[in-house]
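Heads up, the thing below is written out as structure tokens.
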Amino acid sequence: MSDPGVGDSETFRQRARDFVRANLQPASARTPAGALRNDRTDDEELAEVAREREVQRMLFDADLAGICFPREYGGQGLTPAHQKVLNEELAGYEFPTRLQAPTLSPCAAVLLDFGTEEQKRRHIPAILRGEEIWMQFLSEPSGGSDVAGALTSAVRDGDEWVLNGSKIWTTGAWWSDWGLCLARTNWDVPKHRGLTVFIFPIRQEGLDVHRIEMLNGSKEFCQEFLTDVRVPDSDRIGDIDDGWTVGTRWMFHERMLTNSPLVTVPVGFGHGGTGVSSLVGVAARDAGRLSEPVVRDLMGEARMLDIVDRELRLRIGEGIATGSMADQSAAITRLFSGVSASRIRTIGFEIAGTAGAAWTDDDGQLAFSGDDYLMRQVSCIGGGTTEMARNVISERVLGMPRERLLDRDVPFRDVPRGRASSRS
Amino acid sequence: MLLALSSDQELFRETTAKLLDELVPVGELRRLRDDPDGFDGTYWRRGAELGWTSLLVGEQHGGGSISGQGLVDLALVAYEFGRHAAPGPLLVTNVVAATLDENGGDGFDDVIKELLSGESVATWCQAEPPPNDGLGRTFLDVRVEGDDVVLNGVKRPVESGSRADYLLVTGRTGPGLTQVLVPAGTAGVSVSPMHSADVTRRFSVVAFDNVRVPLHSIVGEAGTADEQVERQLGRAVAIGNAEAVGAMQTAFDMTVEWAFDRYSFGRPLASYQELKHRFADMTSWLEASHAVSDAAIGAAAAGVPEAPELLSAAASFIGDYGGDLMQDCVQIHGGIGVTFEHDLHLYLRRHTVNRALYGTPAEHRQRLADIVEQEDLA
């Protein structure tokens with residue numbers, strides 16, 4: 001193994017460039033994974049996952065995986081500047097899209113922050129080799145934004161814990177390997193104080209993965225049902241009943257999204273994992289409307305939003321990294337990118353005209369813009385709603401009064417959980 | 001504004017802010033409301049001594065920057081100008097000084113010296129009356145006749161047109177652009193004041209009726225100034241954006257304070273979720289404006305190919321989203337927000353006027369569409 005720590009960033013750039021050009025294929029013209037389009041068969045999806053694992057392994061063998069992960073866990077121990085160089089050199093090439101979020105961040109990031117030495121040594125190198133794809137078992141069907149109100153229970157049984165409940169909104173759990181799970185271990189204390197975090201393999205007895213069909217037919221999202229899933233205590237992350245300490249950091253990593261230096265995102269790869277403003281231009285051309293001033297106005301707006309989104313991420317990332325901004329400022333990029341991505345969907349739909357209502361396979365970039373519009377709000381819901389981001393910004397960044405919490409100092413067992421229980 | 005400044009830049013920004021606090025507090029801005037120039041000479045010279053007019057001028061002409069990137073340093077001044085709604089021809093004088101400096105200006109040495117000391121001010125006669133006021137459109141006629149150059153046409157709005165000692169006039173000679181430096185008071189130049197949405201800056205109509213000046217008044221070469229004019233527009237956009245972001249910052253800070261201080265129905269405005277969420281949106285627009293403005297200024301200072309795209313992205317975003325932010329600040333203040341007595345309008349005006357100069361958001365979006373077409377669809 002060569003010494004990956006060597007050299008300035010230009011030496012590193014040359015090494016990255018040589019690897020990328022010699023080993024990787026140009027990025028596929030197809031819509032990237034995560035766009036929630038119903039445009040792949042399961043076999044195609046599995047083939048892409050397999051290729052991404054393979055590419056991740058190639059990156060690992062070339063000392064280009066886990067740039068900002070510590071060397072003792074298989075990473076390169078380099079800086080965000082090196083990650084940026086790699087992102088630049090990967091521009092226009094394939095990369096392991098599905099292995100970034102949530103595997104590298106927030107899941108691996110949480111392991112780095114809270115995992116035991118043994119847990120880190122076991123999982124992080126495996127993640128960096130592409131052998132373990134992780135999912136967040138965080139949201140629940142009953143919960144939505146109230147993550148700390150988790151109902152999935154974990155009950156101690158000797159050296160093990162027994163988990164029961166249901167988690168939802170995992171992307172691709174049906175081809176993933178491990179889960180990071182927030183569960184309730186104490187019902188007699190207020191909700192934030194009775195949680196604990198566990199990890200476990202997804203493919204096991206008692207864990208049923210159900211694929212959710214979205215309104216456009218996409219089946220990327222899953223719901224899991226846990227029935228007496230047994231987890232050894234050695235697979236607990238953080239202290240018993242202290243899961244909210246882990247959870248707070250977990251959600252910070254989630255809001256950092258592609259701003260995290262732990263994640264690889266080639267330059268020019270659109271936000272929300274969907275092509276964006278250049279695709280809006282392609283749509284205008286495919287619609288034959290490039291000469292219409294109104295369409296050009298929309299093209300300009302889409303490009304503007306793309307650029308501003310990128311520059312905002314850089315600014316907030318810098319602010320958090322240098323400590324001039326609170327970690328909670330990550331909510332600012334989350335809010336902006338959610339709202340601007342939904343606006344860009346609307347622009348694409350607008351430009352498509354009647355092809356937004358009905359399209360053929362020959363409609364190029366206009367195809368699916370109607371479906372995309374129907375799914376528009378996903379960018380403001382997934383990864384924590386924009387409403388939650390607005391609460392975080394106003395309360396944690398601007399210091400405005402917190403919303404009244406009626407479940408704050410009450411044993412979780414006594415907190416109303418629906419219309420029926422609140423009537424008593 | 002940039003998150004990380006060098007200690008020299010921070011000192012410069014702070015000194016500028018202190019001077020503005022001292023010389024043009026809001027009481028002074030109100031007093032200057034009916035002043036024909038909108039600022040006084042002593043104020044301007046004090047700022048010039050600090051370096052407000054020398055940052056875009058090379059050392060061989062007596063200028064110099066703080067960081068090596070004069071536009072980045074100037075943007076710090078512009079940001080403070082916006083934060084204070086400060087008067088004075090900062091944008092136009094700097095654009096003219098840079099142009100004279102870049103065009104080898106040995107013949108303009110004395111003028112540059114006067115601009116750097118603050119003894120004189122210059123302005124840029126760029127836009128023309130509607131409907132010919134589109135971004136970058138130029139119709140004013142510049143003809144070379146023997147040893148003279150003759151100008152015919154009308155420019156408006158010209159900032160500090162009645163106060164300026166020198167007018168840099170952008171005109172057309174056949175297919176190409178020509179720029180001419182015309183001293184104020186030259187025969188055939190008439191200046192008439194305009195009404196304005198601003199109270200701190202003055203704008204004029206400047207008409208050129210067979211204005212005849214010597215050939216050496218041409219800045220650069222006749223008919224070849226197109227690229228130079230684009231550079232000037234880029235600088236104007238960069239400085240205008242930085243000012244606008246400064247004005248947004250002050251208005252936002254005032255409104256946050258207000259939300260904590262003002263109680264309705266027994267609780268502060270800041271406790272209402274509907275308002276908290278509006279403040280969150282405004283925070284995202286404000287931070288995004290800082291981010292894209294700084295990126296554009298950095299790119300323009302470095303002269304990289306992405307600069308025009310970033311400048312137009314910044315101008316269109318800051319114009320539109322900043323306008324919404326400003327009006328939300330007014331809304332959250334309620335009735336007091338639309339009175340002259342309250343200070344909010346000073347910053348609202350700064351943003352509003354800048355939004356309409358050097359390209360509206362819609363014009364910058366058209367420029368972005370051109371770039372998308374050239375880059376992605378070629």
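The values are calculated or read from the model by the stated rules, or taken from the named source; none is laboratory data. Predicted model only: the values in this text are computed from it and were never measured. Every residue, glycine as well, gets a Cβ built from its backbone with ideal geometry; the counts of neighbours run over all protein chains shown.
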If we keep just the residues of region A:370-394 that are charged (D, E, K, R) and buried (at least 19 other Cβ atoms within 10 Å of the Cβ), which is farthest from the other protein chains (Cβ to nearest Cβ)? A:Asp371
Being more than 28 Å from B:Gly27 (Cα to Cα) and either touching a Lys or Arg at 6+ places or on another chain (Cβ under 6 Å) or buried (at least 23 other Cβ atoms within 10 Å of the Cβ) (or both) is the filter here; which residues of region B:63-85 pass it? B:Gly70, B:Leu71, B:Val72
Quick check on B:Glu341: is it surrounded by 22 or more Cβ atoms within 10 Å (Cβ to Cβ) and out of contact with any Gly (no Cβ under 7 Å at 6 or more places or on another chain)? no
Meets criteria (more than 10 Å from chain B (Cβ to nearest Cβ) and part of a helix (DSSP H, G or I)) for A:Arg303: no
Residues of region A:43-58 being touching a residue at least 40 places away in the same chain (Cβ under 8 Å) and of a type outside the set (Lys, Arg), which ones? A:Glu45, A:Leu46, A:Glu48, A:Val49, A:Glu52, A:Glu54, A:Val55, A:Gln56
Does A:Arg211 satisfy the criteria of being more than 10 Å from chain B (Cβ to nearest Cβ) and of a type in the set (Lys, Arg)? yes
In the list B:Arg212, B:Arg202, which residue meets the criterion of being more than 14 Å from every other protein chain (Cβ to nearest Cβ), more than 27 Å from B:Ala299 (Cα to Cα) and either crowded, with 22+ Cβ neighbours inside 10 Å or touching a Lys or Arg at 6+ places or on another chain (Cβ under 7 Å) (or both)? B:Arg202
Quick check on A:Arg296: is it within 22 Å of A:Lys167 (Cα to Cα), over 17 Å from the mean Cα position of the chain (by Cα) and not assigned by TED's automatic domain parsing to the domain that holds A:Glu118? no
Give me the helices (runs of 4 or more DSSP H) completely within region B:267-378, filtered to those with at least 3 residues that are in contact with a Ser or Thr (Cβ under 8 Å, 6 or more places away or on another chain) and facing another protein chain (nearest Cβ under 10 Å), ordered by residue number. B:273-302, B:307-333, B:361-376
For residues that are out of contact with any Ser or Thr (no Cβ under 8 Å at 6 or more places or on another chain) and among the hydrophobic types (A, V, I, L, M, F, W, C), scanning just region B:148-194, find the one that is farthest from B:Trp44 (Cα to Cα). B:Val150
For region B:177-215, which positions are in a strand (DSSP E or B), among the β-branched types (Val, Ile, Thr) and without any contact (Cβ under 8 Å) to a residue 60 or more places away in the chain? B:Thr178, B:Val180, B:Val182, B:Val189, B:Val191
Please count how many residues of region A:256-285 are modelled with pLDDT of 85 or more and at the interface with chain B (Cβ under 10 Å from one of its Cβ atoms). 5
Is it the case, given these coordinates, that B:Asp148 is assigned by TED's automatic domain parsing to the domain that holds B:Arg33 and either farther than 30 Å from B:Lys18 by Cβ or more than 17 Å from the chain's Cα centre (by Cα) (or both)? no
Which condition from (1) within 17 Å of the chain's Cα centre (by Cα); (2) more than 23 Å from A:Leu298 (Cα to Cα); (3) small (Gly, Ala, Ser) is the one that A:Ala341 breaks? (2)
Name the residue that is farthest from A:Ala389 (Cα to Cα), counting only residues in region A:306-339 that are of a type in the set (Ser, Thr, Tyr) and at the interface with chain B (Cβ under 9 Å from one of its Cβ atoms). A:Thr322
Out of all the residues in region A:38-84, which are among the β-branched types (Val, Ile, Thr) and closer than 25 Å to A:Thr171 by Cα? A:Thr41, A:Val49, A:Val55, A:Ile67
Looking at (1) assigned by TED's automatic domain parsing to the domain that holds A:Pro70; (2) outside any loop (DSSP other than H, G, I, E, B); (3) over 19 Å from the mean Cα position of the chain (by Cα); (4) of a type in the set (A, V, I, L, M, F, W, C), find the lone condition where A:Val110 falls short. (3)
Given the structure, is A:Ala352 within 27 Å of B:Leu377 (Cα to Cα) and either of a type outside the set (A, V, I, L, M) or surrounded by 22 or more Cβ atoms within 10 Å (Cβ to Cβ) (or both)? yes
If you go through region A:119-151 one residue at a time, how many are out of contact with any His (no Cβ under 7 Å at 6 or more places or on another chain), surrounded by fewer than 23 Cβ atoms within 10 Å (Cβ to Cβ), within 30 Å of A:Asp414 (Cα to Cα) and not acidic (Asp, Glu)? 9
Go over the candidates B:Gly88, B:Gly62, B:Gly82 one by one and state the one that is touching a helix residue (DSSP H, G or I) at 6+ places or on another chain (Cβ under 7 Å) and modelled with pLDDT under 95. B:Gly62
Got at least one residue in region A:352-362 being assigned to a helix (DSSP H, G or I) and within 11 Å of chain B (Cβ to nearest Cβ)? no
Out of all the residues in region B:291-308, is one or more touching a residue at least 12 places away in the same chain (Cβ under 8 Å), under 19 Å from A:Leu335 (Cα atoms) and buried (at least 23 other Cβ atoms within 10 Å of the Cβ)? yes
Wholly inside region B:86-176, strands (runs of 3 or more DSSP E) that include 2 or more residues that are out of contact with any Pro (no Cβ under 8 Å at 6 or more places or on another chain) and either of a type outside the set (Phe, Trp, Tyr) or surrounded by fewer than 22 Cβ atoms within 10 Å (Cβ to Cβ) (or both) are B:141-145, B:148-159, B:166-173
Which residue pairs have Cβ atoms under 9 Å apart, sit 6 or more places apart or on different chains, and have a first residue in region A:340-369 that is in contact (Cβ under 8 Å) with a residue 60 or more places away in the chain and a second that is among the basic types (Lys, Arg)? A:Ala341/A:Arg376; A:Ile351/A:Arg289; A:Gly353/A:Arg289; A:Gly364/A:Arg285; A:Gln365/A:Arg285; A:Phe368/A:Arg37; A:Ser369/A:Arg345
Of the residues in region A:397-413, those that are within 10 Å of chain B (Cβ to nearest Cβ) and surrounded by 15 or more Cβ atoms within 10 Å (Cβ to Cβ) number 4
